Amino acid sequence: GESVGLHLPTLSVQEGDNSIINCAYSNSASDYFIWYKQESGKGPQFIIDIRSNMDKRQGQRVTVLLNKTVKHLSLQIAATQPGDSAVYFCAENGQGNTPLVFGKGTRLSVIA
Amino acid sequence: EPEVTQTPSHQVTQMGQEVILRCVPISNHLYFYWYRQILGQKVEFLVSFYNNEISEKSEIFDDQFSVERPDGSNFTLKIRSTKLEDSAMYFCASRLTGGNTEAFFGQGTRLTVV
């Protein structure tokens, strides 16, 4: 859902389960997307990226899916671990040398 | 592994005072950015910098803000007369190229205006 002020959407999962975090992006011309992880008091940390000519990309325990038709991006984390607890942001890049624009973020809480 | 470093980690300043936030981007990167994050909210773009000049800025980046690359390594953000609403985490980021590449972020400076 939407986040307003201090209220981020929160996803709670059991340790070992898979997590799916969703993001709706705004610019249909965006051609590059990144998922960042942000732990408390730290800067955003790169997880995985995808270009608009792809619809799926896999990393270690993470998969990003891109649906350009509905401007939707998702991050799947397999076998979620307590260390995965953080806020996750999607970021989009318009064409050319434009800055990354961040989405609203989702807080992932892993229950041990 | 190369990283973006920011100093100080925490800055407390009185309203109306000037502050300078400092960043050392990754050495071979060409594009530099400042972002802001108010507590609990999303990361907001402030300004991008390339070839010793501002390439893009947001509405937040008004006349009170300025950026500078005074030498070959540092990249600074100056707020001339701080307001209470400037209290936030400020992140510096750098990229090798201007698009389609990962942006590396520093650990941030927490600015508290009192």
(request) Distance from a point 7 Å along Cα→Cβ of B:Asn52 to each backbone N in region B:90-104: keep the residues under 11 Å and list them by number. (result) none
(message) I want to verify a result. In a Gaussian network model of chain B, Cα cutoff 10 Å, which of these has the top mean-square fluctuation: B:Gly98, B:Gly16, B:Gly72?
(response) B:Gly72
(message) What would the Debye equation give as log₁₀ I(q)/I(0) for the protein assembly as shown at q = 0.09, 0.12, 0.14, 0.16 Å⁻¹, counting only Cα atoms as equal point scatterers?
(response) -0.37, -0.65, -0.88, -1.13
(request) Report the Stokes-Einstein translational diffusion coefficient (µm² s⁻¹, integer) for region B:5-108, Rh taken as the Kirkwood radius over Cα pairs, at 10 °C with viscosity 1.306 mPa s. (result) 115 µm²/s
(request) Report ³J(HN,Hα) in whole Hz for each residue of region A:28-39, in order, from the Karplus equation J = 6.51 cos²θ - 1.76 cosθ + 1.60 where θ = phi - 60°; Gly and Pro get x. (result) 5, 8, 4, 10, 8, 9, 9, 9, 10, 10, 10, 8
(message) Could you derive backbone 3J(HN,Hα) for region B:58-63 from the dihedral phi with the Karplus parameters 6.51, -1.76 and 1.60 (θ = phi - 60°), listing whole Hz in sequence and x where the residue is Gly or Pro?
(response) 9, 5, 5, 7, 8, 5
(request) Enter the mean number of other protein chain beta carbons within 10 Å of the beta carbon of each residue in A:92-104, as an integer. (result) 6
(request) Choose one answer from B:Leu77, B:Leu30, B:Leu21: the residue with the largest mean-square fluctuation in a GNM of chain B with alpha-carbon springs under 10 Å. (result) B:Leu30
(request) Would you look at the GNM of chain B, springs on alpha carbons closer than 10 Å, and say which of B:Ile60, B:Ile79, B:Ile26 moves the most? (result) B:Ile60
(request) Using only C-alpha atoms and all pairs of different ones, pull out the Kirkwood radius for chain A in Å with one decimal. (result) 14.2 Å
(message) Straight-line reach only, C-alpha to C-alpha below 16 angstrom: list the lysines that B:Lys57 could link to, leaving out same-chain residues fewer than 8 apart.
(response) B:Lys78
(request) Using only atoms on other chains, find how many Cβ atoms lie within 10 Å of each Cβ of peptide A:38-44 and report the average. (result) 6
(request) Let me know the longest stretch in chain B that avoids all GluC sites (Glu not before Pro) found in a DSSP loop with at most 11 other C-beta atoms within 10 Å. (result) B:60-114
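Readers should treat all values here as calculations from the given coordinates under stated rules, not as data from a laboratory. This structure is a prediction, so every number in the text was calculated from the model and none was measured. Neighbour counts run over all protein chains shown; Cβ positions are idealised from the backbone, glycine included.
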